[in-house]
Amino acid sequence: MQTLESVLAQGQFQLDEGVYRVLRLPAKAIIAAAAVIAEIGEPFAVLIADAHEVTLVIDDEALEEYRHRLIGHTVEATTYRLITLDLPLEPTLTGLMARLAAALAEAGVPIFPYAAYSRDHLLVPTEKAEIALAALNGLKTAKS
């Protein structure tokens, strides 16, 4: 069974080379957003649909290519970089995101956190990516 301490000791925080954008679309735009993600075929994209909106995270270059198909979208002005904790996580693990978020808040780094089935991901503002990576790597040596 994984513990928070073992994950922080064993995991590696990986900074992706891509630059990402966060978009908001009307709730009815789910099909258009899903089609764009399917066509992009990149290793990281996010699609969240709720009763109020569709949130789409795609590579900055893809946004330029597909912008015309995303009717009614709003683009967050900030660009983001992706940090992934490259270690399979057990679904019973608790407190990880709280610990990561606290370290990044202390460093003044806002985040968009995302969880996949077995990996956690953080989008951080491009200009704060190195600060974020240093803060997260500092957790490897900090007392829990």
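The values are calculated or read from the model by the stated rules, or taken from the named source; none is laboratory data. Not measured: the values here are computed from a predicted model. All Cβ positions, even for glycine, are placed from backbone atoms using ideal geometry, and neighbour counts span all protein chains on display.
May I ask you to say which residue of 63, 15 is in contact (Cβ under 8 Å) with a residue 24 or more places away in the chain, touching a helix residue (DSSP H, G or I) at 6+ places or on another chain (Cβ under 8 Å) and under 30 Å from residue 137 (Cβ atoms)?
Numbers: 63 fails: touching a helix residue (DSSP H, G or I) at 6+ places or on another chain (Cβ under 8 Å).
Residue meeting the stated conditions: 15.
Test residue 20 against the criterion of being loosely packed, with under 15 Cβ neighbours inside 10 Å and among the hydroxyl-bearing types (Ser, Thr, Tyr), and give yes or no. Outline the logic, then answer.
On the way: loosely packed, with under 15 Cβ neighbours inside 10 Å: no; among the hydroxyl-bearing types (Ser, Thr, Tyr): yes.
Spelling it out, it is not the case that residue 20 is loosely packed, with under 15 Cβ neighbours inside 10 Å and among the hydroxyl-bearing types (Ser, Thr, Tyr).
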- request: Say whether the condition of being at pLDDT below 95, over 12 Å from the mean Cα position of the chain (by Cα), within 29 Å of residue 137 (Cα to Cα) and not small (Gly, Ala, Ser) is met by at least one residue in region 96-111.
  value: no
- request: Answer yes if at least one residue in region 1-17 is assigned by TED's automatic domain parsing to the domain that holds residue 104, buried (at least 19 other Cβ atoms within 10 Å of the Cβ) and of a type in the set (Phe, Trp, Tyr), and no otherwise.
  value: yes
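Take the residues in region 1-22 that are among the charged types (D, E, K, R) and over 12 Å from the mean Cα position of the chain (by Cα), then tell me which one is nearest to residue 80 (Cα to Cα).
Here is the first cut: in region 1-22, the residues among the charged types (D, E, K, R) are 5, 16-17, 21.
From what is left, the residues that are over 12 Å from the mean Cα position of the chain (by Cα) are 5, 17.
Values: 5: 28, 17: 11 Å.
Step by step, filter region 1-22, then rank; the result is 17.
Report, by residue number, each residue of region 125-144 that is within 19 Å of residue 9 (Cα to Cα) and among the hydrophobic types (A, V, I, L, M, F, W, C). Break it down stepwise before answering.
Filtering region 125-144 for residues within 19 Å of residue 9 (Cα to Cα) gives 132-144.
Listed by number, the residues that qualify are 132, 133, 134, 135, 136, 139, 142.
Here's the yes/no breakdown for (1) closer than 30 Å to residue 9 by Cβ; (2) loosely packed, with under 14 Cβ neighbours inside 10 Å:
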site	(1), (2)
48	no, yes
52	no, yes
64	no, yes
72	no, yes
87	yes, no
98	yes, yes
111	yes, no
123	yes, no
